[in-house]
Amino acid sequence: MKKSIYLFGAGGAASWALQGFVREGIEIKGFLDENANNLNKIDGIPIYLPNSEEIDIATKANSKVVFMVMNPNVQEEEIEKRMLDLGWKEFISFEDFVNKEYKNNGKRCSMLDPIPFEKNKNFVQEARSLLSDKDSLKLFDAFISFCCQDKIYDFPAISKKPYFPLDLPRWSENLRIIDCGAYSGDTILSALDNKYKIESCYCFEPDPVNFSKLVKTLKTISNSSCWPCGVFSCNKTLKFSSGGDTGSSISNEGDITIQCVALDDVIPNCSPNLIKFDIEGAEQAALKGAKNLIRKYRPMMAISVYHLSTDIWKIPLYVHSIIGPRAQYFLRRHSRSIADTVLYVYPN
């Protein structure tokens, strides 16, 4: 009998992580999450507590639980022990599942579609040539190989302190930061924890629940402003999937409508020295809407490059086309698998 598949973890990355299973026609019976009572269905798939009485012992015995939590601070071993104690018979990490599924069935079910990588090999290699250190090259190669399942890969260690990695040069000590995808203001708080002075900050967060948290966070920070807007290539209203978490994003199936803005239009003279983009797949569009700002002020940048298959090469190539050859590019990942892979740009 074919085993049912459940995914453990229904947080902000759940819809993104689900894409590969859907693409390969792998049926998912449900998500398992300790916070299930406070969550809605994900793409129509129900969310259960791990000890839910709706799932009987026989089902648990004939099911495979795939560990989908990307946060490296969550202890996989502890969760595996609890799941086995609850009667679930098989528990496997996402990376191991992906590898076995390809080996046994030829299915490539990583989050990102492998076809664009294969059709754009020249651009992929051109982007690779921009990278400035061995760890970046190693991560780039592992990222591509994991998505394509074309060769053995070896990820470098997960880097601590997202947006402020300890093994890269420090940003300017007095930050004039634009935070696109500001969530609850956690990046600004992290900057302070890392001993930076906030000279000014412009924070953009379209999710209503997150925006409320952001406003509270920044109340005590002078020269700060909060914008309840998405960041895009132009000024327009778009559908948006809200949820009060890190996975809220622009989507044609969104439950609300938000105002999106181009940075060039709304803050053209703020002279930033750091811009962060973590906007769930809208990074390429947002960069186009900030082209003049980036060209004029040459800020350092931290850009998420893992939401779309094309991000890992199109984003560095586009940035390079704006700022020219005098720059350093580094890749670091801050979560499990390819999640939270960030491109760090240091214009010279």
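The values are calculated or read from the model by the stated rules, or taken from the named source; none is laboratory data. This one's a predicted model, so the numbers in the text were calculated from it and none came from an experiment. Neighbour counts are summed over all protein chains in view; Cβ atoms, including those assigned to glycine, are modelled from backbone coordinates with ideal geometry. With ligands, DNA and RNA removed, areas are computed over all heavy atoms of the protein, side chains included. Shrake-Rupley method; radii C 1.70, N 1.55, O 1.52, S 1.80 Å.
Could you work out the helix-only [θ] at 222 nm for the chain, with each DSSP H run of four or more residues adding -39,500 (n - 2.57) and the total divided by the number of residues, to the nearest 500 deg cm²/dmol?
The helix-only estimate for the chain comes to -9000 deg cm²/dmol at 222 nm.
Past the 25 Å Cα-Cα mark, which pairs from Lys64/Lys314; Lys160/Lys197; Lys3/Lys121? If you can, show how the numbers build up before the last one.
Details: Lys64/Lys314 36 Å; Lys160/Lys197 20 Å; Lys3/Lys121 37 Å.
Lys64/Lys314; Lys3/Lys121, as the Cα separations exceed 25 Å there.
Any idea what angle helix 94-105 forms with the longest principal axis of the chain, computed on alpha-carbon atoms, 0 to 90 degrees, nearest 10?
Value to nearest ten degrees: 60.
Show me the ranking of peptides 340-346, 207-213, 102-108 by mean Cβ neighbours inside 10 Å, starting with the highest. List each step's numbers first, then the result.
On the way: 340-346: 22.4, 207-213: 18.9, 102-108: 13.3.
My ranking of the peptides, most packed first, is 340-346, 207-213, 102-108.
By how many degrees, 0 to 90 and rounded to 10, does the Cα axis of helix 134-148 deviate from the longest principal axis of the chain?
In the chain, helix 134-148 runs at an angle near 50 degrees to the longest axis.
Only one of the values (1) 21.1; (2) 24.1; (3) 21.9 was calculated from this structure for Kirkwood radius over Cα pairs in Å; name its label.
Entry (1).
Which residue fluctuates most in the GNM of the chain (Cα springs below 10 Å): Ala282, Ala290, Ala157?
In this elastic network of the chain, the residue with the biggest mean-square fluctuation among Ala282, Ala290, Ala157 is Ala157.
Counting only protein heavy atoms, what percent of the accessible surface of segment 85-149 is carbon or sulfur at a 1.4 Å probe? Numbers along the way, then the final one.
Working: 1400 of 3220 Å².
Ligands and nucleic acids excluded, carbon and sulfur give 44 percent.
At 1.4 Å probe radius, can you tell me the per residue accessible area of segment 86-125 in Å²? Don't skip to the answer; put the middle values down first.
Details: 2200 Å² over 40 residues.
For segment 86-125, the solvent-accessible area averages 55 Å² per residue.
Looking only at Glu77, Glu280, Glu95, which one moves most when the chain is put into a Gaussian network model with springs between Cα atoms under 10 Å?
Glu77
Among Cys109, Cys180, Cys148, which one shows the biggest mean-square fluctuation in a GNM of the chain, springs joining Cα atoms closer than 10 Å?
For the chain, modelled as a Gaussian network with Cα springs under 10 Å, the answer is Cys148.
For segment 22-106, what is the convex hull (Cα atoms) projected area averaged across all directions, in square nanometres?
Directional mean of the projected Cα hull area for segment 22-106 stands at 6.2 nm².
Could you give the dipole magnitude of the chain about its Cα centre, charging the beta-carbon of Lys and Arg +1 and that of Asp and Glu -1, in debye to the nearest 20?
Numbers: 42 positive and 43 negative charges, 215 e Å.
Roughly 1040 debye for the chain.
Run the 1.4 Å probe and let me know the accessible area of Glu34, rounded to the nearest 10 Å².
Glu34 has an accessible surface of roughly 90 Å² with all protein chains in place.
How much space per residue, in cubic angstrom, does the convex hull of the C-alpha atoms of segment 74-141 take up?
Values: hull volume 8.6 nm³, N = 68.
So the per-residue hull volume is 127 Å³.
Given the C-alpha atoms of segment 1-151, compute the convex hull and give its volume per residue in Å³. Working shown, then result.
Numbers: hull volume 19.8 nm³, N = 151.
Each residue corresponds to 131 Å³ of Cα convex hull volume.
Give me the percent of accessible area attributable to carbon and sulfur for segment 196-242, probe 1.4 angstrom.
On the way: 1260 of 2320 Å².
The C+S portion of the solvent-accessible surface of segment 196-242 is 54 percent.
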